[in-house]
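Inspection log for the structure reproduced underneath, given as structure tokens.
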Amino acid sequence: MIAVLRRLHPVHHNVPAVWNHFEEEFKTKFMDSTRELRARTQLERLAFRYPDIDGYIAEFEDLIAQANYNLASQEAINLFLKGFSKNRNLLDKVFTPPVPVTYDTMKRRLIAIVKSMQLVNSIAQNAPDFRMFRGNARPPQPPQGNQPT
């Protein structure tokens, strides 16, 4: 691009596209030098909050792009999993065989696990007898009162 700019005559080739390109390159290089550092810091602090798996993934992928990480790199995968450190049961489920090794397979598995947990919780809230199987309620008691003798 620099070679092209050198061949342009300043008066005859004053093309707005050239200026726009220069302006974009300038902004990229000099305007926000701390953007990448801020994104990396936010990635270190990013944590999954049940049940918002979609929000976590969207924010993670946005920050990965801002931090100039390769989404397929081991470092990015480790940062992704670090966000689940307070949800140890999710990580245990993710690493059941066959163990996913790529970001996409881990992401798909975590989405499936969280969505199934949401479904189970929804069913448990709407069906009182189901809570018994989860260990959250005592078994139903027989009715008291007018019982035949």
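The values are calculated or read from the model by the stated rules, or taken from the named source; none is laboratory data. As the structure is a computational prediction, the values presented were derived from the model and not from experiment. Quick reminder, even Gly has a Cβ in these numbers, built from the backbone with ideal geometry, and neighbours come from all protein chains shown.
Answer with yes or no whether residue 124 is surrounded by 16 or more Cβ atoms within 10 Å (Cβ to Cβ) and at pLDDT below 90.
Working: surrounded by 16 or more Cβ atoms within 10 Å (Cβ to Cβ): yes; at pLDDT below 90: yes.
Yes: the conditions hold for residue 124.
Would a scan of region 42-57 turn up a residue that is among the hydrophobic types (A, V, I, L, M, F, W, C) and over 14 Å from the mean Cα position of the chain (by Cα)?
Applying the first criterion (among the hydrophobic types (A, V, I, L, M, F, W, C)) to region 42-57 yields 43, 46-48, 53, 57.
Right, trim to over 14 Å from the mean Cα position of the chain (by Cα) and you get none.
So far as region 42-57 goes, no, none of its residues is among the hydrophobic types (A, V, I, L, M, F, W, C) and over 14 Å from the mean Cα position of the chain (by Cα).
For a quick check of your reading: which helices (runs of 4 or more DSSP H) sit entirely within region 18-104 and have at least 2 residues that are touching a residue at least 12 places away in the same chain (Cβ under 8 Å) and either under 26 Å from residue 122 (Cβ atoms) or among the aromatic types (Phe, Trp, Tyr) (or both)?
53-66, 88-94
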